[in-house]
Structure formats: structure tokens, C-alpha cells
1. Tally the residues that are within 29 Å of Thr89 (Cβ to Cβ) and open to solvent by less than 40 Å² (accessible area, probe 1.4 Å), restricting the search to the stretch 264-299.
2. Just to be sure before I move on: is Asn265 more than 21 Å from Pro96 (Cβ to Cβ) and in the same structural domain as Ile219 (by the TED database) in the structure I sent?
3. Residues to consider are Ala174, Ala112, Ala108; find the one that is farther than 30 Å from Leu239 by Cβ and surrounded by fewer than 20 Cβ atoms within 10 Å (Cβ to Cβ).
4. Those residues that are among the aliphatic types (A, V, I, L, M), part of a helix (DSSP H, G or I) and in contact (Cβ under 8 Å) with a residue 60 or more places away in the chain, I need them from the stretch 118-157; list them, please.
5. Please work out which residue is modelled with the lowest pLDDT, limiting yourself to the stretch 1-52 and to residues that are among the polar types (S, T, N, Q) and surrounded by 14 or more Cβ atoms within 10 Å (Cβ to Cβ).
6. Wholly within the stretch 204-320, which helices (runs of 4 or more DSSP H) include no fewer than the required count, namely at least 2 residues that are modelled with pLDDT of 95 or more and more than 25 Å from Ala134 (Cα to Cα)?
7. Taking the criterion of being assigned by the TED database to the domain that holds Thr121, exposed (fewer than 11 other Cβ atoms within 10 Å of the Cβ), more than 26 Å from the chain's Cα centre (by Cα) and not hydroxyl-bearing (Ser, Thr, Tyr), would at least one residue in the stretch 53-60 satisfy it?
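The values are calculated or read from the model by the stated rules, or taken from the named source; none is laboratory data. Bear in mind the structure is a predicted one, so any value in this text is a computation, not a measurement. Methodologically, a virtual Cβ is constructed for each residue, glycine included, from the backbone with ideal geometry; neighbour enumeration extends over all protein chains shown. When the accessible area is computed, the model is the full protein with side chains, heavy atoms only, and any ligands, DNA or RNA have been set aside. Shrake-Rupley method; radii C 1.70, N 1.55, O 1.52, S 1.80 Å.
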Amino acid sequence: MPNNSIKLLAPDVHRGLAELVSKRLGMKLTDSKLKRDPTGEVTFSIGESVRDQDIYILTQIGAGDVNDRILELLIMINASKTASARRITAVIPNFPYARQDRKDKSRAPITAKLMADMLTTAGCDHVITMELHASQIQGFFDVPVDNLYAEPSVVKYIKENVNVSEAIIISPDAGGAKRAATLADRLDLNFALIHKERARANEVSRMVLVGDVTDKVCIIVDDMADTCGTLAKAAEVLLDNRAKSVIAIVTHGILSGNAINNINNSKLDRVVCTNTVPFEAKMRMCPKLAIIDISGVLAESIRRLHNGESISYLFKHYPL
């Protein structure tokens with residue numbers, strides 16, 4: 001057991017997940033103040049000593065305020081570094097710019113690599129995140145990265161809320177086939193695949209189902225739901241192929257643009273998201289939204305990292 005203690009910091013907005021994690025750890029959030037002056041600049045101060053302590057900074061980053069949250073995180077990391085913290089871990093459940101992980105055209109930046117560089121330059125010693133859009137992003141860092149998985153939490157939710165004997169796992173595209181197959185194996189279920197052809201970015205022109213979903217409860221699994229256009233069209237394809245009902249389970253519920261209208265007007269019974277992204281306000285506008293709480297996974301990963309224990313246990317098991 002280390003002789004230094006855990007200090008958990010969070011910005012002044014979207015503190016819900018951080019408060020859940022602190023409760024599970026049996027501690028209070030560290031006193032801090034983050035202010036914005038009339039010019040838009042941010043000032044930050046920590047209200048207690050963090051010298052030689054193990055600092056964890058948890059930031060929920062959602063649609064619309066991505067860049068503000070990133071800068072606040074960098075400022076908080078640097079403040080902890082100059083306050084002589086022993087180790088600083090950034091807990092970023094939804095890693096921003098994860099889809100910009102390669103050069104897809106000439107003169108395009110690899111912004112996920114830039115994110116890694118900024119975090120390490122600010123003073124970050126370790127990163128905890130969940131379901132990176134591309135796992136190779138871990139290689140962009142010069143510090144350790146723990147990429148957690150929502151699968152154990154999803155398995156628990158399905159067993160508690162879905163009639164598993166009638167269910168089938170659906171991948172909304174070829175890229176998610178491995179995720180769907182792994183989840184299907186965990187639940188001893190069949191899985192099907194939807195092949196989609198895009199006319200242009202974020203716009204699906206045609207979908208083809210590969211597999212039989214007759215009289216089945218279809219569970220679409222994906223790592224991210226943005227505008228939810230793909231999920232809505234996938235639900236139509238599945239029901240046209242005589243599915244009984246359709247629910248979607250995604251790790252990161254970005255829910256940007258017309259996502260809420262798309263869900264409300266869709267044939268989806270439910271869209272279930274983890275709380276890696278703050279979307280409580282959107283739940284009030286959409287009765288079809290449901291939540292999977294991953295605070296237990298994050299709290300246990302923090303406890304294990306602090307005590308020098310293996311985190312790989314959490315890849316397949318839900319914390320007790």
C-alpha cells in the first residue's frame with residue numbers, strides 16, 4: 001500500500017461522474033476553484049496541499065464544449081505538476097479527437113497524436129480512458145495508457161434488462177464485427193452484421209443485413225453514437241427483416257446535432273449509453289434514452305492503479 005493518498009479533481013462543470021467515482025472511493029472531491037474571467041481566460045487553483053500525492057483528474061467531455069474542457073484539463077494538470085504532485089493521472093472516459101487518428105487526406109493533421117503530446121507536455125504521467133475509437137492511439141503517448149472496456153458493464157445490463165433467450169447481437173458496420181462477436185460469445189448468442197454504404201461522411205445511403213433476425217430482440221452495439229442517423233436506419237432495416245424489437249447500446253453517447261430528434265422519431269425501443277459523456281439534460285428530452293453507470297469501473301481502476309494492482313482484471317469482469 002503506498003504511503004501517499006488519492007486526490008480526485010474535477011472541473012466545475014459536468015461533475016456528476018466525478019462525484020459518483022468519489023463516492024465509490026469513499027472520499028470527497030479535492031477542493032479547487034476554476035473561474036473564467038470576462039475575456040474568457042481560465043484561472044484555476046487547488047484549495048489544499050497535493051505535495052507528493054497521487055492526483056487523478058476526471059473530465060467528462062461531451063459535444064459542443066470539447067475544446068474548453070480540453071484546455072481546462074491541461075491547466076489542471078499543469079497546476080498539479082507545479083504543486084509538486086507525485087503522479088498525475090488524467091481520467092478521460094471519452095477521449096477527444098479519437099476519430100482523427102490518421103492522415104485520411106493530404107495536409108490533414110493527426111489530432112489524436114497532438115492531444116497525446118499536449119497532455120504529456122502539461123505534466124500528465126498516466127492516462128485512463130475507455131474504449132478508444134482506435135486502440136493504436138495508445139501508441140501516441142510516451143506515458144502509460146489504460147484503455148478500459150465497457151463490455152462487462154454492458155453484459156451486466158443486458159442480463160438484467162433484456163430477455164437473453166430472445167436476443168441477438170447486431171454490429172452496425174463491418175468495423176464493429178469483432179466487438180459484436182466478442183459480446184455475443186460472452187452471452188452465448190448469435191450475431192448479425194449490417195453492411196452500410198456511405199454516400200458521404202455521416203450519411204448512410206444503403207444498408208444490407210447479413211444474418212437472420214426473425215422474431216429476435218436485436219441489440220445493436222457500437223462504441224459511439226453521434227447524430228444517431230445510422231442507428232435509426234439500422235432499426236428500420238432490422239424491423240423490415242421481421243425483428244421483434246430493436247435497442248442500441250453504445251459506449252459514448254455524443255448525441256450531437258439532430259440526435260435527439262432522430263432517436264425520438266426512430267423505431268428504436270431504447271438507446272442505452274454509458275455516462276462517459278454528460279447527457280443528463282438530453283435524457284429529459286428523450287424518453288428512449290437510458291444510462292449505464294461506469295463509475296464503479298473507473299473507481300476500481302483508480303484504486304488498483306494507486307495500489308499497484310493489475311487493471312486487466314477489469315477488461316472482462318465487472319467490479320464488485
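1. 15
2. Answer is yes for this residue.
3. Step by step, each of Ala174, Ala112, Ala108 is checked, and only Ala108 is farther than 30 Å from Leu239 by Cβ and surrounded by fewer than 20 Cβ atoms within 10 Å (Cβ to Cβ).
4. Listed by number, the residues that qualify are Val154, Val155.
5. Per the stated criteria, the residue is Asn4.
6. 229-240, 259-264, 295-307
7. no
Yes/no per residue for (1) more than 12 Å from the chain's Cα centre (by Cα); (2) under 25 Å from Leu183 (Cα atoms):
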| residue | (1), (2) |
| --- | --- |
| Leu238 | yes, yes |
| Ser256 | yes, no |
| Ile260 | yes, no |
| Ile263 | yes, yes |
| Ser266 | yes, yes |
| Cys286 | yes, no |
| Ile294 | no, yes |
| Arg303 | yes, no |
